[in-house]
Amino acid sequence: MENTCIDPALRKALAGSAKRLYFIGICGISMSGLAVMAKMRGWEVAGCDRAPSCAAAHALFRLGISVEAEKTPHPEDADLFVFTTAVREDSPAVCYARERGLPLFSRADFLATLMEESPTRVAVAGMHGKSTTVGMLSAILTAGGLDPTVSCGAALTPGGSAWRIGSHDVFLAEACEYRDAFLALSPTLAVITNIDLDHPDWFPDLGAVKSSFLAFLAKSEKAVIGADCAALRDITPARAVTFGYHASALYRGEDTPDGLTVSRSDEPLGTIPLALPGRYNRENALAAVAAATELGLPFDIVRDALATFRGIGRRMETIGHLRGATVVLDYAHHPTEMAASLSAAAEKRQGGGRVLCIFQPHTYTRTAALWQDFTTALGLADRTLLLDIYAAREEPLPGITGKRLAAAAGADYAPDFAGAARWAIENVRPDDLLLIMGAGDIDRLTGLLPLDKEPSGKT
């Protein structure tokens with residue numbers, strides 16, 4: 001199937017004279033991967049970012065890609081610009097391109113253009129779990145010899161890269177639903193983990209979410225869809241392959257003493273000794289099993305790859321120990337995700353230890369729209385501290401603050417990372433699990449904690 005979603009102007013520019021690409025927001029986890037892919041295809045690549053000295057910028061520099069400050073960019077030699085939705089409309093580089101009539105395209109359009117070279121295009125979508133599912137599928141497809149090229153929204157392995165350069169035959173990508181970005185893609189296989197009300201600055205209600213995902217399905221040749229999500233079952237077409245614990249699922253999971261037991265059409269496939277905690281990770285694994293099997297891989301390869309899979313970056317990632325407590329970094333920022341991660345944390349903690357949580361809310365609109373759900377989810381931890389809201393692309397909303405949310409949830413509050421670090425050091429006890437959670441820059445907090453590699457404090 002020809003990818004009719006590709007912007008013809010972008011296709012023409014990349015096939016013609018455009019040789020110097022400039023990425024606005026280049027240090028974003030998926031943008032940096034696309035920049036590397038562009039570099040590997042022979043284009044000259046540079047970009048700008050709000051954090052031009054971050055680790056991602058240093059990694060790009062080592063590959064010959066320069067990164068400068070977003071406030072003072074020098075894109076004069078660029079032929080084509082690629083931007084991410086995290087970038088504001090008044091970004092100097094965006095204004096520069098528009099004022100001069102230079103080609104300016106979204107991250108989604110550029111990703112779609114790269115994917116169109118591949119006969120097998122796998123796009124993983126859903127409100128929750130898509131990054132982990134991409135990581136699982138990347139491990140499986142690699143083990144199966146398919147050598148995929150991969151674009152993910154998280155590091156494929158803790159401390160690794162969010163991209164993989166493989167063959168042009170198979171392209172595996174995380175498909176973002178925000179602002180309908182995934183509608184630029186035309187996958188041969190779409191995987192949808194679940195849907196939920198999120199991004200309230202774009203989706204006014206769950207009906208709007210369903211409409212967008214239906215449009216995504218219409219652009220897909222084949223679909224693998226989660227059966228455990230009631231809202232998703234409402235829009236699942238009869239032709240779709242389904243997975244989950246639900247009785248209707250074609251690929252159905254069952255928790256057994258030996259791990260996750262999987263059957264297809266009630267015919268047993270086998271049992272996977274999955275290492276990752278949490279029911280949601282088992283659902284992600286079922287998505288990966290279904291997708292990989294539909295791509296023709298035998299179950300023994302799928303099973304062995306998942307049995308050795310240890311997770312992706314910032315997804316229940318154990319980063320060290322603090323005064324005998326295990327410290328875990330997690331990306332959860334929606335109440336559904338937070339509840340799932342806190343439940344997994346309870347599975348992961350030692351003996352009689354507690355689950356302590358430090359949470360940084362993400363965007364004012366999400367915090368306002370899901371206020372009560374946040375207070376409920378935060379109550380699942382034994383003790384919680386909140387930071388101020390990470391604004392991302394938004395302006396503050398009156399009355400919507402981290403401090404107010406903390407009060408509503410019966411949680412503690414710190415105005416900065418230094419205060420959060422003091423709270424953690426003062427409150428953790430041996431055998432506790434400290435969950436540092438959020439989608440903003442909360443990972444910076446870990447640099448302020450005196451972490452040990454081992455619970456005993458030995459290094």
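See the values below:
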quantity: Quotient of Cα Rg and 2.2 N^0.38 Å for the stretch 74-182, N being how many residues it contains; calculated: 1.21
quantity: √(5λ) per eigenvalue of the Cα gyration tensor, the stretch 416-457, largest first, Å; calculated: 18, 11, 10
quantity: Hz values of 3J(HN,Hα) by residue in the stretch 385-394 - Karplus curve (6.51, -1.76, 1.60), Gly and Pro given as x; calculated: 10, 10, 9, 5, 6, 7, 6, 6, 8, 9
quantity: In sequence order, calculated HN-Hα J values of the stretch 114-125 (Karplus, 6.51, -1.76, 1.60; Hz; x Gly/Pro); calculated: 5, 5, 5, 5, 9, x, 10, 10, 10, 10, 9, 10
quantity: Relative contact order (%) - the chain, alpha-carbon pairs under 8 angstrom, separation at least six; calculated: 12 percent
quantity: For GLU68, residues with placed amide H under 5 Å, excluding near neighbours; calculated: GLY47, CYS48, ASP49
quantity: Distance histogram for the stretch 41-87 (every C-alpha pair counted, 10 angstrom bins, percent rounded to whole numbers); calculated: 24, 60, 16
quantity: Mean ellipticity per residue at 222 nm, deg cm²/dmol - from DSSP H runs of n ≥ 4 across the chain, formula -39500 (n - 2.57); calculated: -9500 deg cm²/dmol
quantity: Calculated from backbone phi, Karplus (6.51, -1.76, 1.60) coupling profile of the stretch 302-318 in Hz, x at Gly/Pro; calculated: 4, 4, 5, 5, 6, 5, 9, 6, 10, x, 10, x, 6, 10, 6, 8, 6
quantity: Taking N as its residue count, the alpha carbon Rg of the stretch 8-107 over 2.2 N^0.38 Å; calculated: 0.96
quantity: Percentage, to the nearest whole number, of Cα pairs in the stretch 196-279 over 16 Å apart; calculated: 60 percent
quantity: For PHE81, distant residues with modelled amide H under 5 Å away; calculated: TYR22, LEU104, PHE105
quantity: Binned Cα-Cα distance frequencies in the stretch 286-390 - 5 Å width, integer %; calculated: 2, 10, 18, 18, 15, 13, 11, 8, 4, 0
quantity: Sequence-separation-based contact order of the stretch 168-276, relative, with Cα cut under 8 Å and 6+ spacing, percent; calculated: 17 percent
quantity: Where Cα atoms sit under 28 Å apart: lysine pairs in the chain separated by 8 or more or lying on different chains; calculated: 14
quantity: log₁₀ of I(q)/I(0) at q = 0.07, 0.08, 0.09, 0.10 Å⁻¹ - the chain, Debye sum with one point per alpha carbon; calculated: -0.35, -0.46, -0.59, -0.74
quantity: All-pairs alpha carbon distance profile, the stretch 117-307, 10 Å steps from 0, percent; calculated: 10, 40, 37, 13, 0
quantity: Mean Cα-pair separation over length for the stretch 1-149, i.e. relative contact order, pairs under 8 Å, 6 or more apart, %; calculated: 23 percent
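Readers should treat all values here as calculations from the given coordinates under stated rules, not as data from a laboratory. Since this is a predicted model, take the numbers as computed values, not measurements.
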